[in-house]
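Visitor: Following this message is one structure expressed as structure tokens.
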């Protein structure tokens, strides 16, 4: 029976950060268990490899479009395996140290599944037991499969298979779900040469984004031949002859070589005995948590995707600090008022804070400012005129409540709004500030000026 002061279950970005920080602090026996590979979902199966693929896809699209800029590119061929090899090399370069960095700061790393079986008791896959005074569940999330008849009978893809399974680009692919994951893969495979259909049960794509921001992405995708089908339900799926056939609510039948399910993710708590550990879940499967991320067992925390809330690596890193601080006796409440997010398609979709609809539903007297990217000289120069900047503010106080950017460099641009919201800087201050010409950021300056107008 091994005993620890703190035992972290899950070696993804959140769990690794908690274990490393506590180990570096010294004075505690810290353990870390990982059932797959250190690095977690984002590094191995999500953020990193998809961004590598998106970069290759963008270069292919730029090459095909080069003639518009006076550059002749005779032919564009995508070597799918070479793209994937590059992703693998980048992942290995980032996480090649394995357990060594943890061991150097005194963290005991166990590369096997750990099962929470009691208030302070853990059972390892090899049958050995572990006791810990404090336990952190950084167990990540898993893909949700919608309850569609026949879907489990065929080899559908999740994000993992979409990256690592194919040996070549499929001729066609249908995607269920148009959140960030579905949208990014739609563009990746369309630019690699697949015929792509993306189906969304809700009335619009990117349903978590501001309505104007989501709408601004539609023409860019349709120009690339991606078929978007919002407000559509799949009633039944069939897999035969190495092809998928989806029967839709509108009576249409869609056929494709591959099916990617990107219908959401949920916190992963299998195979843990949460009842025995005194850890309660809400009806939606999310853990009941305090402001410092403690569960209903005061000695067990949940952080990162295990919270079931904001499934972003940067939020997991923030939560890792919260948990470590609480364990070290410096508790502080979590604050999600300002959480930027980016969908890394082309054009990028970036946002922070409230959408216009959320701001109105919260009872605010709302004022908005919008600037079309086609009015930006830099966007015209770059030939990237799809998109917009939209700011949402409280009309009474002038405080910026949210920002939404669709366009080239949107993921970087949104952080000007982040800074404004974090500091509660008045819109006129930023609107009056000099912005370099010609840059995409001038669109933000114009939006802040409009927001400040009487």
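Visitor: Mind giving me the nanometre distance, one decimal, between the label points for residue 432 and residue 215, set 7 Å out from Cα along Cα→Cβ?
Guide: A separation of 3.4 nm, rounded to one decimal place.
Visitor: Rounded to the nearest 0.05, what FRET efficiency is calculated for residue 85 and residue 172 with R0 set to 22 Å and r the Cβ-Cβ distance?
Guide: Details: r = 24 Å, r/R0 = 1.11.
Here the calculated transfer efficiency is 0.35.
Visitor: Let me ask another. Where does each of 330-341, 176-187, 77-88, 98-109 land if you order them by average Cβ count within 10 Å, highest first?
Guide: On the way: 330-341: 13.2, 176-187: 24.6, 77-88: 14.8, 98-109: 16.2.
Averaged packing, sorted descending, gives the order 176-187, 98-109, 77-88, 330-341.
Visitor: While we're on this one: Find how much the distance from residue 418 to residue 273 grows on full extension, using 0.36 nm per residue of separation minus their present alpha carbon separation; answer in nm with one decimal. Let's see the in-between values first.
Guide: On the way: separation 145, 0.36 × 145 = 52.20 nm, distance 3.98 nm.
Working it through step by step, the gained length comes to 48.2 nm.
Visitor: Could you give the length gained on full extension between residue 266 and residue 149, defined as 0.36 nm per residue of separation minus the Cα-Cα distance, in nm? Mind dumping the intermediate values first?
Guide: Details: separation 117, 0.36 × 117 = 42.12 nm, distance 2.06 nm.
Fully extending the segment from residue 266 to residue 149 adds 40.1 nm.
Visitor: State, in angstrom, two size descriptors of the range 276-324 derived from its alpha carbons: Rg to one decimal place and Dmax to the nearest whole number.
Guide: Taking only Cα atoms of the range 276-324, I get Rg and Dmax of 10.4, 31 Å.
Visitor: Express in nm, to one decimal, how much length is gained between residue 164 and residue 93 on full extension, taking 0.36 nm for each residue of separation and deducting their alpha carbon distance.
Guide: Values: separation 71, 0.36 × 71 = 25.56 nm, distance 1.77 nm.
Computed gain between residue 164 and residue 93 is 23.8 nm.
Visitor: Continuing with this model, one more query. Restricting to bridges with both residues inside the chain, how much of the DSSP beta-bridge set is antiparallel, in percent to the nearest 5?
Guide: Details: 44 of 77 bridges.
Within the chain, antiparallel bridges account for around 55 percent of the total.
Visitor: What is the mean projected area of the alpha carbon convex hull for the range 1-151, to one decimal in square nanometres? Can you show the working numbers first?
Guide: Details: hull surface 56.5 nm².
Seen from a random direction, the Cα hull of the range 1-151 projects 14.1 nm² on average.
Visitor: Along the Cα→Cβ direction, 7 angstrom out, place labels at residue 112 and residue 75. What is the inter-label distance in nm?
Guide: In this crude label model, residue 112 to residue 75 measures out at 5.3 nm.
Visitor: How large is Rg over Rh for the range 222-339, taking Rg from the Cα atoms and Rh as the Kirkwood inverse mean of 1/r across Cα pairs?
Guide: Numbers: Rg = 20.6 Å, Rh = 17.8 Å.
Reported Rg/Rh, Kirkwood definition of Rh: 1.16.
Visitor: Fewest first, what order do 352, 73 take by the number of other Cβ atoms within 10 Å?
Guide: Values: 352 24, 73 11.
Ascending Cβ contact count within 10 Å gives the list 73, 352.
Visitor: What nm distance separates the two modelled labels at residue 380 and residue 296, each placed 7 Å from Cα along Cα→Cβ?
Guide: Label-label distance for residue 380 and residue 296, simple model: 6.1 nm.
Visitor: I'd like the orientation of helix 441-452 relative to the chain: the angle between its Cα long axis and the longest Cα principal axis, in ° from 0 to 90, rounded to 10.
Guide: 90
Visitor: Could I ask something else about it? Using just the C-alpha positions of the range 150-250 as equal point scatterers, what log10 of I(q)/I(0) does the Debye formula give at each q in 0.13, 0.21, 0.23 1/Å?
Guide: Each listed q corresponds, in turn, to -0.46, -1.19, -1.37.
Visitor: Further question on the same structure: Calculate how many DSSP beta bridges within the range 151-264 are antiparallel, expressed in % of all such bridges and rounded to the nearest 5.
Guide: Working: 10 of 24 bridges.
Roughly 40 percent of the DSSP beta bridges within the range 151-264 come out antiparallel.
Visitor: Using the Kirkwood formula over every pair of different C-alpha atoms, what hydrodynamic radius in Å results for the range 233-298? Could you put the intermediate results ahead of the total?
Guide: Numbers: mean 1/r = 0.0645 Å⁻¹.
It works out to 15.5 Å.
Visitor: Could you list 16, 56 so that the one with the fewest beta carbons within 10 Å of its beta carbon is first and the one with the most is last?
Guide: Sorted ascending by nearby Cβ count, the order is 56, 16.
Visitor: Just from the alpha-carbon atoms, what are the Rg and Dmax of the range 288-411 in angstroms?
Guide: When restricted to the Cα atoms of the range 288-411, Rg and Dmax are 18.4, 57 Å.
Visitor: Given N residues in the range 341-452, what is its alpha carbon radius of gyration divided by 2.2 N^0.38 Å? Don't skip to the end; give the middle numbers.
Guide: On the way: Rg = 13.1 Å, N = 112, 2.2 N^0.38 = 13.2 Å.
Against the compact-globule rule of thumb, the ratio is 0.99.
Visitor: OK, next. Would you work out the relative contact order for the chain, in percent, from Cα pairs under 8 angstrom that are 6 or more residues apart? Please list the in-between numbers first.
Guide: Numbers: 973 pairs, mean separation 63.5, N = 454.
Worked out over the chain, it gives 14 percent.
Visitor: Just to confirm my numbers, what's the Cα centroid distance between the range 38-94 and the range 406-454 in Å?
Guide: What the calculation gives is 30 Å, centre to centre.
Visitor: Quick one, can you get me the convex hull of the C-alpha atoms of the chain expressed as volume per residue in Å³?
Guide: Details: hull volume 77.3 nm³, N = 454.
For the chain, the hull spanned by Cα atoms encloses 170 Å³ per residue.
Visitor: Still on this structure: Please report 164, 301, 244 as a ranked list, fewest other C-beta atoms within 10 angstrom at the top and most at the bottom. Walk me through the numbers on the way to the answer.
Guide: Numbers: 164 14, 301 29, 244 23.
In increasing order of surrounding Cβ atoms, one gets 164, 244, 301.
Read-outs throughout are calculated quantities, based only on the coordinates presented, and are distinct from any laboratory measurement. In this text the structure is predicted, and so the values were computed from the model without any measurement. All Cβ positions, glycine included, derive from the backbone under ideal geometry; neighbour counts span all protein chains shown.
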